[in-house]
Amino acid sequence: MADEVAVTVTINGETVTDRVPARMHAADFLRHRLGLTGTHVGCEQGVCGMCTVLVNGEAVKSCLMFAAQLDGCAVETVESLATGDQLNPLQQAFKDEHGLQCGFCTPGFLMTATALARRGQRLCAAEIREEIAGVLCRCTGYDGIVKAIARHLDETAV
Amino acid sequence: MTETLERRPTVGEERGGQERTSLIGTSAARKEDDRLLRGDGRFTDDVDPLHVLEMAVGRSPYPHARIVSIDVSAALEFEGVRQILVGADVRRMSAPLTVLRPVPGAPKLPYYALAQDVVRYEGEPVVSVVATSRAIAEDALELIDIEYEPIPHVSDVIDAQDPEAPQIHPDLVEGNLMVVNPEGTGDPEARIRSADVVVSGRFRINRVTGLPMETRAIVAEWRPGARELTVHSSTQVPHLVRKQLAEVLGLAESDIRAVASDLGGAYGLKLGIYPEDVLACLHAMALRRPVKWVEDRMEFFRATTHAREATHDYRIAARSDGRIVAITNTYATDMGGWNSGFGSAQLSSVVFTGPYKVSDGYVERRVVLTNKTPIGAYRGYGQPEVNFACERLIDQLARKLGLDPLDVRAANMLRPEDLPWRNPAGAVYDSGDYERCLRMAAEAIGYDAHRAAGRGPRADGRYVGIGLSSFVERTGYASARFLANRGSQYGAHESVTLRANRSGGIDLYTGVSTMGQSSETAFAQIVADVFGCDYDAVKVHAGDTAASPLNTGAFASRTLIAASGALKEASEKLRDKTLRLAAYCLEAPAEDVEIAGAVVRRRDTGASVTLAEVFSRAITGQGIPPEEEPGLESTSHFEPTDAAYSFGTAAALVSVDPETGDFDVERFVMVHDCGVAVNPKIVEGQVRGALVQGLGAALGEELRYDAETGQLVNGTMMDYFAPAAPDVPPIELLHTEVPSPVTTFGVRGVGEVGTIPPAAAIANGICDALADFGVELHTMPLTPEVVWRALQEASR
Ligand code: FES
Ligand code: FES
């Protein structure tokens, strides 16, 4: 089709080149072109945070980006976190603290927290709550999520 | 107070034969977590069959209108469009949607997947398009020319009952009143006439949505030669979806396989089929191509059932010492424009007298049609609504009599020795210690100190109040015989199949889909416990009708109540045969061998054989006793004899600015009893999660309709405010554990309870803080504006 554009993007360390419809958003590209279905879609309006991924290290809502805008970027998704069968420490903290129920929001929180942890700072619970306000969870009431992130930040603070 | 706190549970404690070994009662790691943490969940939109087509649905922009004409010709020409259906097609190709839980005594409404001649709510499906992509299908919708002739509409449940109101189903329902369901015992009117005091109020409950983060979705695939319709669906009840689709599509149940893998939340909203499910199947069958539909969030707000909206006229009559002598509650519950799969909430009636000992009571449920999105089930199913009315009015009663609201509650609560107790609606509360929860909540929130501190503003100028809300919650439900009287289209049982495999593991097959309630974990805990194997050896396969015994499904806080019995029986059958086969192989009597983790061993010599070896022998039939059949598998169905009633009390500490009406929930305490907790961490998660939904509905969530246009005003994620992490007040949870005598293992349901008490507790806290101003609140949600208005009203 005429309104297709070429993109070259590094996804979880691997370089991918593809042609995408100009109006396809990045979340759809990740999910339905690349099969990375761990990134979810809950509103396509930038409100729910289900689609949060890291683009050049920053947590962004991929439903608000066109796939074409990923050209030349490095993208990290939830699929990059575990090594083999081994959950990474953040994932393990979510598991230990019962930070997920249905799990639909989990990738959004994990990627938000991954970016947070790279700052290397400890945060108090109230600060964590503010930092994750862009991702909604309708199941847990947030308590387990906040505990898991607090624990992980404590472990990774420099 | 201390004496009450230390009172031990007396009922249900001594039940013989309670199996309670190592795993039940521990916070075992969740089976569901690893895949979900790694982005390996399988949600419906993750299923992308080859050559899949996508569907988009055109919806009515009007709340009430006649469809004059539909012209699809331009859209049909659009490149990529494969098929378009309109109302007449659907009528030819399918039957109206069937209802799983009819409103008792109400007429059937012919709800087709696409509107016939009249649309009855904004968002009602009118036309469906299938194309090579969703974008193309949506573009094609724009090219469809639909002419509507708007007719007068009605949005409000009280207005709708006016004889002059527009009639929504004039041929079938008179006065927009679907039915009146009365229930009661004794002579409440006589008691009211002779009572020392009567308090009454009209309480308005807001229309809300459960708002799962995953919207609804379906992928339908038809292989005509095989006569096999495979439906991947985000549903709580795959076996019931199969039944309903068979009825509506005119297929045999054997032609349909419904698969629900992971669900991104459901909360009652994903019970049974919706119009779009039928449409996707019709298109898939006509086109012989897989068809996918994923609801977008704008659609969700109009197309997925709403919840709660009701108006309760509640009355309490009492003696001057605070003893309640009668309760009546007449309420109008909104149904929207059609009867959804679970109709409107029915449990307001069942628990209308709360935890109180009242014999003279009357409740009347009036189910009313309006031109709005149909109402359906949502966590709580009527119980939060009636709790708000009842518990608010208890406080008003106390204030009127100059008594303490806690004392009024305590004086009227059923005592452990009163139970089991049949309330005026016929509900039989099984067991519990209601007052103990009340006292614990009061102690945790600092009730006595607050009362002793006297009235008046705090140093920061704010007034502080404490509000209580006590409740009894029905979890699960009584037997199939009870349901049959009400026309329910499902049973009361759960079923499970266990199958040994040659790796030494046990495969567990269940029709209960996975939506965050952690049933995979709890089920595996019970099987590992009763069978005696390792928890890791149990693998749960959930939600596929082709690979699970026919069950009922995950709703009504019922799953574990019914399933625990089936799990126990099936595990025992499997264990007993395993022991016989192992004994044969170890040359010992079956009584002398035991399962210990991955092996079966002789108690005397310690000689052992692995489960993998025993299971392999069973599966091949080689090396088993001659009188035994080969194979190692068991299926059990279990129906509980009755519902189990959870209970508890919530307490909220609230500070209010009397100038602006601004208020803060500074602390929130919940004391709750769900009987034996199979997994305490999961129980806590369920209670917390539901509490935050209850807090959302109490403090701001509301689907608002413009009375003039009949349109939904705030139907987007940007305008509907579900709580985000910073919005949640500090919550403290306490539990008691009175085993239920009516369930296996003494469990009660736990999934819904948190939605019940928040609104009443907070409203009572605000009214307590503002008692000197004479403020009483009757409307949800509670917002600073509502409080400010009430202050203005009171000062007049
Ligand atoms: S899907 Fe991107 S924010 Fe909701
Ligand atoms: S775990 Fe279900 S939405 Fe967060």
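The values are calculated or read from the model by the stated rules, or taken from the named source; none is laboratory data. Note that the structure is predicted; figures quoted are calculated from it, not measured. Positions of Cβ are generated from backbone atoms using ideal geometry, with glycine treated the same way; all protein chains shown enter the neighbour counts. Protein only, heavy atoms only, side chains kept; ligands, DNA and RNA dropped before computing areas. Shrake-Rupley method; radii C 1.70, N 1.55, O 1.52, S 1.80 Å.
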Q | B:Val197 long-range amide H proximity, modeled H, under 5 Å | A | B:Ala318
Q: Determine the shape class of the protein assembly as shown: with a ≥ b ≥ c the square roots of the Cα gyration tensor eigenvalues, call it rounded for a/c under 1.5, and otherwise prolate if a/b is greater than b/c, oblate otherwise.
A: rounded
Q: Enter the accessible area of B:Thr605 (Å², nearest 10), with the probe set to 1.4 Å and all protein chains included.
A: 90 Å²
Q) Given a 1.4 Å probe and every protein chain left where it sits, what share in percent of the accessible area of the protein assembly as shown is carbon and sulfur? A) 48 percent
Q. Nearest-5 percent of antiparallel DSSP beta bridges in the protein assembly as shown?
A. 80 percent
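At a 10 angstrom cut-off on C-beta neighbours, averaged per residue, how do the peptides B:775-787, A:133-145 rank from highest to lowest?
The densest-packed peptide leads the list: A:133-145, B:775-787.
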Q) Sequence-distant or interchain residues sharing an amide H contact under 5 Å with B:Thr514, placed H: which? A) B:Leu263
Q. Residues of region B:205-227 losing 40 Å² or more of accessible area relative to the isolated chain, 1.4 Å probe, heavy atoms only?
A. B:Met213
Q | Derived scalar couplings ³J(HN,Hα) [region B:702-719; Karplus, 6.51 cos²θ - 1.76 cosθ + 1.60; whole Hz; x for Gly, Pro] | A | 6, 8, 9, 9, 7, 4, 5, 8, x, 9, 5, 7, 10, x, 9, 5, 6, 10
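FRET efficiency for B:Ala453 and B:Ala794, Cβ-Cβ distance as r, R0 = 22 Å, nearest 0.05?
On the way: r = 23 Å, r/R0 = 1.03.
Taking R0 as 22 Å, the efficiency between B:Ala453 and B:Ala794 is 0.45.
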Q | Electrostatic dipole magnitude of region B:172-213 [Cβ: Lys, Arg +1; Asp, Glu -1; Cα centre; debye, to 20] | A | 280 debye
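Counting only other chains, and only Cβ atoms inside 10 Å, what mean value do you get across the residues of A:140-149?
Working: counts 7, 17, 10, 11, 5, 1, 2, 0, 0, 1.
Across the residues of A:140-149, the mean count of other-chain Cβ atoms within 10 Å is 5.
Can you tell me the accessible area per residue over chain B, all protein chains present, probe 1.4 angstrom, in square angstrom? Each step should come with its number before you reach the end.
Numbers: 27030 Å² over 796 residues.
For chain B, the solvent-accessible area averages 34 Å² per residue.
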Q) How big is the gap, in Å, between the Cα center of region B:230-278 and the Cα center of region B:516-561? A) 19 Å
Q | FRET E, pair A:Glu58, B:Glu594, Förster distance 45 Å, beta-carbon r, rounded to 0.05 | A | 0.20
Q.
Could you tell me the calculated FRET efficiency between A:Arg33 and A:Ala133, based on Cβ-Cβ distance and R0 = 30 angstrom, to the nearest 0.05?
A. 0.50
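How high is the relative contact order of region A:89-156, in percent, with contacts defined as C-alpha pairs under 8 Å that are six or more residues apart? Intermediate values should be presented prior to the final figure.
On the way: 71 pairs, mean separation 37.0, N = 68.
RCO, region A:89-156: 54 percent.
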(Q) Along the Cα→Cβ direction, 7 angstrom out, place labels at A:Asp96 and B:Thr641. What is the inter-label distance in nm? (A) 4.5 nm
Q. Counting only complete DSSP H runs, which helices of chain B cover 20 Å or more along their long axis at the Cα atoms and score a mean Kyte-Doolittle of -1.0 or above?
A. B:383-401, B:559-586, B:680-699
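Figure the gain on full extension for B:Asp162 and B:Ala546 (residue separation times 0.36 nm, minus the Cα-Cα span) and round it to one decimal in nm. Mind dumping the intermediate values first?
Values: separation 384, 0.36 × 384 = 138.24 nm, distance 4.95 nm.
Taking B:Asp162 through B:Ala546 to full extension adds about 133.3 nm, to one decimal.
Filter the cross-link list B:Lys108/B:Lys292; A:Lys95/B:Lys681; B:Lys270/B:Lys539 down to pairs whose alpha-carbon distance in this structure exceeds 20 Å.
Details: B:Lys108/B:Lys292 30 Å; A:Lys95/B:Lys681 11 Å; B:Lys270/B:Lys539 25 Å.
Going by Cα-Cα distance, B:Lys108/B:Lys292; B:Lys270/B:Lys539 fall outside the 20 Å limit.
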Q.
Counting protein heavy atoms only and a 1.4 angstrom probe, how many square angstrom of accessible surface do chains B and A bury in total, to the nearest 100?
A. 3900 Å²
Q. Where a ≥ b ≥ c are the square roots of the eigenvalues of the C-alpha gyration tensor, would you call chain B rounded, which needs a/c under 1.5, or, failing that, prolate if a/b is larger than b/c, or oblate?
A. oblate
**Q.** Loop-resident sites, region B:579-643, for GluC sites (Glu not before Pro), counting at most 14 other Cβ within 10 Å (DSSP)
**A.** B:Glu587, B:Glu627
**Q.** Å² of accessible area per residue within region A:89-156, as computed with a 1.4 Å probe and no ligands counted
**A.** 31 Å²
Q | Cross-link partners of B:Lys568 among aspartates and glutamates (Cα-Cα below 17 Å; sequence separation of 8 or more within a chain) | A | B:Glu19, B:Glu494, B:Asp507, B:Glu520, B:Asp529, B:Asp534, B:Asp576, B:Glu633, B:Glu639
Q. Between B:Arg558 and residues 5 or more places away or on another chain, which pairs have amide H atoms under 5 Å apart, with H built 1.01 Å from N, and which residues are they?
A. B:Gly476
Q. With labels modelled as points extended 7 Å from the Cα through the Cβ direction, what inter-label distance (nm, one decimal) is found for B:Ser254 paired with B:Ala135?
A. 4.5 nm
Q: Count the net charge of all other residues whose Cβ sits under 15 Å from the Cβ of A:Thr8, scoring Lys and Arg as +1 and Asp and Glu as -1.
A: -2
Q.
Counting only protein heavy atoms, probe 1.4 Å: which residues of region A:97-112 lose 40 Å² or more of accessible surface in the full assembly compared with their chain by itself?
A. A:His98, A:Leu100, A:Gln101, A:Cys102, A:Phe104
